Amino acid sequence: MSTSSDVAIDVEDLRMRYGATDVLKGVTFRAHRGEVLVMLGPNGAGKSTTLEILEGFRLRSSGRVEVLGSDPADADELWRARIGVVLQSWRDHGRWRVGELLDYLGSFYVPFGTAEHRRPWDVGGLMELVGLTDQAGSKISSLSGGQRRRMDVAIGIVGKPEVLFLDEPTAGFDPDARREFHDLVHRLADLDGTTILVTTHDLDEAEKLADRIVILGGGRIIADGSPDDLARTMPSDSEVRWSVDGSRSVHSTAQSARFVHDLFAQYGDRVVDLEVRRATLEDTYMSLVHDNASIDAARTVEAVTR
């Protein structure tokens, strides 16, 4: 059983309305300290709105929200020093060089619970962590897209935040940069105990990063669990592929182990190239989102025809 001390983000019945449109319709979830929580959902599901409310950038319509024990809607500067934010797009700081800006920003931080200024990071260590050591003396305006994104992350963690919000963090990254970024996220969570909330459209990224995934659909949470847990919840068939005497066959079944056993009982070692493909996170996600869209459409028709 979790205690309040190990809960970094606590959201209950969160609702957001713009005019007559309900964007969030009673969202409830928790994130624990040191956990990487990934939020998935189609466009318009409410991911960015949820993130902005948690960051204190947007006022909610109703519901309870606590981040590090405080309501973001009226949190003070000490609270803001304990969180980090990496938005979808960067801002150029044209006249600054990488090392200079990080050194300058680091000078503003006062460690939580103390009155003295003490830099949370050695700037060299921070640049090494995000892979910008070679760009220390470069102007930020000269960085490549991937390097600028690393700079965004460095700015987001310059105060060694207890909670880090990452909104579509690897958009535009090449595969190598994405892999390195995933390693960085795990390092922050595992070594520093940072709670990290990530929004992404990339299901492969979600599976690699997440301790837990929440899926938003139509302003509601339609699933919450680890990638493996979510895949197991779907009553989907496995796909069995095999060849016998040069002939390739495919069969869908809910009882893959029994089917494979019967296959070998019938054909023995003539069975080659056997593959069993079980439900993936992508299968689960697509099924959940599709089912939720069908339910929302039915509700809309019912409301209109009353």
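Please determine whether any residue of segment 273-281 is out of contact with any Pro (no Cβ under 8 Å at 6 or more places or on another chain), modelled with pLDDT under 90, in a loop (DSSP other than H, G, I, E, B) and under 23 Å from Lys47 (Cα atoms). Lay out the reasoning, then the answer.
First, the residues of segment 273-281 that are out of contact with any Pro (no Cβ under 8 Å at 6 or more places or on another chain): 273-280.
Okay, now just the ones that are also modelled with pLDDT under 90, so 276-280.
Cutting the leftovers down to in a loop (DSSP other than H, G, I, E, B) gives us 278-280.
Subsequent filtering for residues that are under 23 Å from Lys47 (Cα atoms) retains 280.
Scanning segment 273-281, I find at least one residue that is out of contact with any Pro (no Cβ under 8 Å at 6 or more places or on another chain), modelled with pLDDT under 90, in a loop (DSSP other than H, G, I, E, B) and under 23 Å from Lys47 (Cα atoms), so the answer is yes.
Working carefully through the options Ala206, Ala223, find the one that is buried (at least 19 other Cβ atoms within 10 Å of the Cβ), in contact with a strand residue (DSSP E or B) (Cβ under 6 Å, 6 or more places away or on another chain) and assigned to a helix (DSSP H, G or I).
One residue alone meets the criteria, Ala206.
Considering only segment 208-248, state which residues are without any contact (Cβ under 8 Å) to a residue 60 or more places away in the chain, at negative phi and among the acidic types (Asp, Glu).
Result: Asp228, Asp229, Asp237, Glu239.
Which of the residues belonging to segment 52-104 are under 22 Å from Asp6 (Cα atoms) and in a strand (DSSP E or B)?
Passing the criteria: Gly63, Arg64, Val65, Glu66, Val67, Ser70, Ile83, Gly84, Val85.
If you check Leu191, Leu263, which single one turns out to be in contact with a His (Cβ under 9 Å, 6 or more places away or on another chain) and assigned to a helix (DSSP H, G or I)?
Leu263
Pick from Leu188, Leu143: which is under 24 Å from Leu54 (Cβ atoms), surrounded by 13 or more Cβ atoms within 10 Å (Cβ to Cβ) and touching a residue at least 12 places away in the same chain (Cβ under 8 Å)?
Leu188
Given Asp167, Asp211, Asp183, which one is surrounded by fewer than 19 Cβ atoms within 10 Å (Cβ to Cβ), closer than 21 Å to Gly84 by Cα and either outside the structural domain of Gly99 (by TED's automatic domain parsing) or touching a Leu at 6+ places or on another chain (Cβ under 9 Å) (or both)? Lay out the reasoning, then the answer.
Working: Asp167 fails: surrounded by fewer than 19 Cβ atoms within 10 Å (Cβ to Cβ); Asp183 fails: either outside the structural domain of Gly99 (by TED's automatic domain parsing) or touching a Leu at 6+ places or on another chain (Cβ under 9 Å) (or both).
Only one candidate qualifies: Asp211.
Inside segment 28-51, can you point out the residues that are in contact with a helix residue (DSSP H, G or I) (Cβ under 8 Å, 6 or more places away or on another chain), surrounded by fewer than 19 Cβ atoms within 10 Å (Cβ to Cβ) and not in a loop (DSSP other than H, G, I, E, B)?
Once the filter is applied, which keeps residues that are in contact with a helix residue (DSSP H, G or I) (Cβ under 8 Å, 6 or more places away or on another chain), surrounded by fewer than 19 Cβ atoms within 10 Å (Cβ to Cβ) and not in a loop (DSSP other than H, G, I, E, B), segment 28-51 yields only His32.
Which pairs do you get when a residue that is on the phi > 0 side of the Ramachandran plot, found in segment 50-64, comes within reach of a residue that is assigned to a helix (DSSP H, G or I) and of a type in the set (A, V, I, L, M), reach meaning Cβ atoms under 7 angstrom, with the pair 6+ apart or on two chains?
Close Cβ pairs (under 7 Å, with a partner that is assigned to a helix (DSSP H, G or I) and of a type in the set (A, V, I, L, M)) amount to Gly56/Ala73.
Assigned to a helix (DSSP H, G or I), charged (D, E, K, R) and either modelled with pLDDT of 85 or more or buried (at least 22 other Cβ atoms within 10 Å of the Cβ) (or both), is that true of Asp176?
no
Is it true that Arg258 is modelled with pLDDT of 80 or more and either basic (Lys, Arg) or in the same structural domain as Arg212 (by TED's automatic domain parsing) (or both)?
In short, yes.
I'd like to verify a number: residues in segment 11-27 that are under 25 Å from Pro161 (Cβ atoms) and surrounded by fewer than 18 Cβ atoms within 10 Å (Cβ to Cβ), how many?
1
Answer yes or no as to whether Ala231 is closer than 27 Å to Leu14 by Cβ and either in contact with a helix residue (DSSP H, G or I) (Cβ under 9 Å, 6 or more places away or on another chain) or buried (at least 16 other Cβ atoms within 10 Å of the Cβ) (or both).
Taking the combined requirement at face value, the residue satisfies it.
Suppose we keep only residues that are charged (D, E, K, R) and in a loop (DSSP other than H, G, I, E, B) within segment 129-163. Which one would you say is nearest to the chain's Cα centre (by Cα)? Spell out how you get there, then give the answer.
Restricting attention to segment 129-163, the residues satisfying the condition of being charged (D, E, K, R) are 134, 139, 148-150, 152, 160, 162.
Filter once more, so that each one left must be in a loop (DSSP other than H, G, I, E, B): 160, 162.
Numbers: Lys160: 19, Glu162: 16 Å.
Only one residue tops the list, namely Glu162.
The values are calculated or read from the model by the stated rules, or taken from the named source; none is laboratory data. Just so we're clear, the structure is a prediction, and the values are computed from it rather than from any experiment. Here Cβ is always computed from backbone atoms with ideal geometry, including for glycine, and neighbour counts include all displayed protein chains.
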